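What follows is a single structure, written as structure tokens, with notes after it.
The values are calculated or read from the model by the stated rules, or taken from the named source; none is laboratory data. Computed from a prediction, not measured in an experiment: that's the story for all the values here. With ideal geometry, Cβ positions are generated from the backbone for all residues, glycine too; neighbour counts draw on all protein chains shown. Ligands, DNA and RNA are excluded from the accessible area calculation, which covers all protein heavy atoms including side chains. Shrake-Rupley method; radii C 1.70, N 1.55, O 1.52, S 1.80 Å.
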Amino acid sequence: MKHKALAAALIVLLTLPAASAQISDSLQEKLSQTPGTERVDVIILTARNASDQAKKAVRQAGGNVKHEFNLINGVAVSIPEVAAENLASKDFVREIQPDFKVETVLSESTQTVNAEKVWNKNATGENIDVAVLDTGIEDNTILDVEKQVYYAGSDTDDLNGHGTHVAGIVASPNERYTGVAPGADLFDVKVLESEGTGSASDVIEGLEYAVNNGAEIATLSLGAQVETCDGSSALSEAVNNAVEKGLVVTVAAGNAGPEDQTITAPGCAERALTVGSSSNGEVSEFSSRGPTADGRTKPDLVAPGERITSLWKNSGNSPQFNTLSGTSMATPHVAGAAAILLAEKSGLTPREVKNITTYTATDLEYPDDAQGSGRLNVYAAYQAVTEPNQTGSSENNAPSISVVGSTVNTTGEITAELKVNVSDPDNSSLNTSFYIDGELRSKVEGYGVTTYTATNLSANTTYNWSAGTTDGINTSRTAVKTFSTEIREESNRTENVTGPLPPGIRKKEEKPPAFQWGLPAFLRPDFSFPGNFFQGISQSIGLGQQKQQPEKKRSPKTENPEQAQKATESRSGKPVGQKDQKPGKKAQKTEEKGSNLEQANSKSPNLEKKPGKAKNSSETSDKDRGSSKARNATEARSPEAGKKNQSREKQGKKRGSDAEAKAGANASIETGNGKASAKAEGKASAEKKSGEEKEPGKGPLNRAAGFSDR
């Protein structure tokens, strides 16, 4: 059965139609406005080694091939509009894009970027080949042009002037308007028409020429507004591949600022050294801002781009100059700086050149998406590669970086503290970047343990993070680590915890004692009505808590006084009448009361003491003794009172609620005297007591208190 299911699944997979290639949105819009027989210029991105298949398909569709690229897998073609859909369905086609038009991106200057200090060190970028991909370079000029080629127009001459202006910023030897690297050699690679426009395919061909002819740097003061500038265009892909082959590529950011996400292609290429414009310590308002459509920071840095005076096309034998503004003018400043670095340290890679120029840039205190790392500082970059480091060596070792750990706080705002340890024997300060889910979050300058606190985190999410540190030349990175912002329920986090709680987890707070509320008892939130209402009132006015009278329980039934006596002794653990009391006036008074009680009992031998539950300090309380004495004294004074007492004893025996009455009745029965005995004893007591003064508190009112358990 399993084999049949597997076979069925394979059949389904094998019969699924192949996914058709994508026609970019911008091309789709253009095709919808183009008649079916009209030709359109497009770039077909193909699978690897599939260019021949693409060219054959284009010719079969009635189109013609303009250029086959070697920097990227693709071809530039012109095809009828109706053929686009058919070509997009081919399995060797990745995407079809428009062969969009690019144009010049039209400035303080060498003095601002400290180029003069570098010239004083005789550093001029000598023998470094810089390819200028633009409108061409004026033939009759003071510039040193080593090679020329054109992919636009009919020759290499600059009929616009923009290309000559850019070339002069890189390498003009004029004493007044000197380029950043006056010793550099130039390649005139004409990719734009006299109007300053051209096609992406021509620019790609120009990049290929630069790579194939040994140029070390290519500068592109051009760009195109594309719908989604995420580095996926054919031109951006070509720039990235050229960098991988060892070519430093500086690209203008564009002049569509100050709005965000206005970088032009190929400025959004990841490996390009993308340049914005600055003036007088500020980012130019027109300079395009990032981030890219896929969230990366661009530009990488800024350079002077306003009111820049440089060479212009000649009107005779004398050199001409013109003043222009734009990121087109800023970009060749960085190309000239790269030439100086490569002339001083020939083994630098494009990535190292990018690291040095961005690491040594001057912070203008603008957002990264406006200024990148800051404004170009040619002299600081030069020092980074030429001056001895801390060890006295001119060589620079890569810094080291290791992860210390991450601490997540889920109390209140969710944050994560990320720590790394950075060091470098060659440098005392390093620039460390922190990334979360591949996005640059922060740059921190320092040494040793370096910390970044991440905010704007979501709950119950696992994040990937890493960090990298650079000394301006070499860069080291950590492996990718993770941290979680999982939030558990409070009850689960504090239940059955006996040891220290994990970081970020608090023990559930206990309700504070009543007196900590700072309110009267009857106003506290834990107050209940009416249970403790009156108690709360008394506490709030300072009367304190009233002593609770213990609830009296009915004495258990016993067969006779002896059993009651034994039961009492067994409960108290002491003989009846024994009392622990400290010596003093109170003890003496208690002894006198006990003596009086014994005298009263000796006059009434037939009456036994009331059995009851022993207290902690005495088997019988003062109140019990007082009520018993008052009862005996009353019976002695009045025979009628004795009869009433005996009547009460009989009633208490029937109810089983008064152990004292029951014990007294039993005592009378045992002696055989009955009521007469009680009467006789009552008369004798009355005669004995006649003439004696009553003691305070021993009157008839206490008798009622003595029977308060009724």
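Annotations for the structure displayed:
- Cross-link pairs beyond the 21 Å C-alpha cut-off, checked among LYS66/LYS313; LYS419/LYS443; LYS245/LYS313; LYS121/LYS313; LYS30/LYS101; LYS121/LYS443: LYS66/LYS313; LYS245/LYS313; LYS121/LYS313; LYS121/LYS443
- Per-pair calculated FRET efficiency, R0 = 25 Å: THR451 and GLU486 via Cβ, rounded to 0.05: 0.65
- The length gained on full extension between GLU270 and ALA398, counted as 0.36 nm times the residue separation minus their Cα-Cα distance, comes to 43.8 nm.
- Of the peptides 401-413, 190-202, 363-375, the ranking by mean beta-carbon count within 10 Å, highest at the top, reads 190-202, 363-375, 401-413.
- Solvent-accessible area, 1.4 Å probe, carbon plus sulfur percent, for the range 312-374: 41
- Length, then width, then depth: along the principal axes, the Cα atoms of the range 117-168 run 41, 17, 17 Å.
- The ratio of the alpha-carbon radius of gyration of the range 230-293 to the globular-protein estimate 2.2 N^0.38 Å is 1.13.
- Cβ-derived FRET efficiency at R0 45 Å, GLU195 paired with GLU85, nearest 0.05: 0.90
- Surface analysis of the range 166-314 yields an accessible area of 29 Å² per residue, using protein heavy atoms and a 1.4 Å probe.
- A simple spin-label model places the labels of GLU175 and LEU440 4.2 nm from each other, with each point 7 Å out along Cα-to-Cβ.
- Counting only protein heavy atoms and a probe of 1.4 Å, the accessible surface of the range 184-246 is 35% carbon and sulfur.
- D_trans [Stokes-Einstein, Kirkwood Rh over alpha-carbon pairs] for the range 83-151, 25 °C, 0.890 mPa s, µm² s⁻¹: 140
- Among the trypsin sites (Lys or Arg not before Pro) within the range 397-492, those in coil by DSSP and having at most 12 neighbouring Cβ atoms inside 10 Å are ARG488.
- Cα Rg over Rh - the range 39-88, Kirkwood: 0.92
- FRET efficiency, 1/(1 + (r/R0)^6) with R0 60 Å, evaluated for SER428 and THR462 via beta carbons: 0.95
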